[in-house]
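The structure under discussion appears below in the form of structure tokens.
The values are calculated or read from the model by the stated rules, or taken from the named source; none is laboratory data. Because the structure is predicted, anything quoted here is derived from the model rather than measured. Because the Cβ atoms are built from the backbone with ideal geometry, glycine has one as well, and the counts that use them run over all protein chains shown.
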Amino acid sequence: MALLSSSERSRLDDAARAGWLYYVAGNTQDEIARKLNVSRPTAQRLVSLALSERLISFRLDHPIAACMELARTLGEIYGLAYCDVVPSDPDTPDAVNGVGKAAAAFLEQTLRLADPQIIALGTGRTLRAAVDEVLRIECPHHQLVSLVGNISPSGEAGFFDVLNKLAELTQARHYPMPLPVVASTPEERELLMNLDPVVRVRALADRADLTLSGIGQVDVHAQMYRDGFITREDRDELMACGAVGEIAGWVFDGEGRLLEASTNLRVTSVRPVVPPRGRSVGVAAGPGKVGPVHAALKGRLVNGLITDERTAAALIALASKG
């Protein structure tokens, strides 16, 4: 196939962006014209070009050059084994649609493998958005295991558990973590960790071929607090200890070091291995996630990342400051 000129590739890049904004982010052609700073007829032609050039199917198939370059740069800076960057919607920086679709496509690659795989899953809004996009694939030879419990201190289940949903789609054997996210005391945690079902689930998670986790922030908007898994006092104590983020409930500081204090003495989820033994991919995007993701990558808590271009650019800028 003939090489594309720079103007032709730029045109396809614009068409891919327009196609993403229209089919993934749900923008009208007037909104696309405004966001891309083009006329409405031009926006319409770009969307049509995305279709005619088969850049769009159910997902965005065209690898946008800017996103590819961001992914390459992120991979080099942080030593990542895997990195995928998707376009951002300029008007909704916290939207997880595109990142969810990319994570779903990545997860499906593993689900389609013929060799049995153990897939360990965290929880959270972005990861749930990913599982909601996964196609129905029957793969009973795989095993799905949860890294984290889904029960608050009041006994209420969280809304963003992903294990059961993915198991329904795949018919894979699945192993939930039948625990509160955070125990009441370190002594209670010790008792829970020694229960036979918990020992078996944790042993399975330790052998995971792929770990897919959300990366949460620890600030006044901390997801663990908003979802009722920790108290306001816990949240404030974590912030006072220098915590910036969490993976599967395990809290870390700005250097990506797991804290040996506060809720980490009571959390019941599987502790991240540093560096990861297998593929461990974080899924996160948005302004509030830049600091936590940067710290997680610095601390080698994950060795892969799926994010959007706005977050990726902010991570690169933050890394350049040392």
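See the values below:
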quantity	calculated
Output for the range 297-322, where each listed residue is assigned to a helix (DSSP H, G or I), of a type outside the set (A, V, I, L, M) and within 20 Å of Val86 (Cβ to Cβ)	Glu309, Arg310, Thr311
Residue in the range 190-206 that is assigned by TED's automatic domain parsing to the domain that holds Arg300 and under 17 Å from the mean Cα position of the chain (by Cα) present	no
Some residue of the range 183-206 being farther than 22 Å from Arg277 by Cβ and surrounded by 21 or more Cβ atoms within 10 Å (Cβ to Cβ)	yes
Which numbered condition Ser320 misses (of (1) under 15 Å from the mean Cα position of the chain (by Cα); (2) without any contact (Cβ under 8 Å) to a residue 12 or more places away in the chain)	(1)
Any hit, the range 46-55, residues being at pLDDT below 90 and either touching a strand residue (DSSP E or B) at 6+ places or on another chain (Cβ under 7 Å) or of a type in the set (Phe, Trp, Tyr) (or both)	yes
Single condition Gly256 does not satisfy, out of (1) within 28 Å of Glu190 (Cα to Cα); (2) surrounded by fewer than 21 Cβ atoms within 10 Å (Cβ to Cβ)	(2)
Any hit, the range 125-135, residues being crowded, with 23+ Cβ neighbours inside 10 Å, among the β-branched types (Val, Ile, Thr), closer than 17 Å to Ala312 by Cα and within 13 Å of the chain's Cα centre (by Cα)	yes
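Conditions tested, residue by residue: (1) assigned to a loop (DSSP other than H, G, I, E, B); (2) modelled with pLDDT of 95 or more.
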{"position": "Lys101", "(1), (2)": "no, no"}
{"position": "Ala104", "(1), (2)": "no, no"}
{"position": "Thr123", "(1), (2)": "yes, no"}
{"position": "Ala130", "(1), (2)": "no, no"}
{"position": "Cys139", "(1), (2)": "yes, yes"}
{"position": "Pro153", "(1), (2)": "yes, no"}
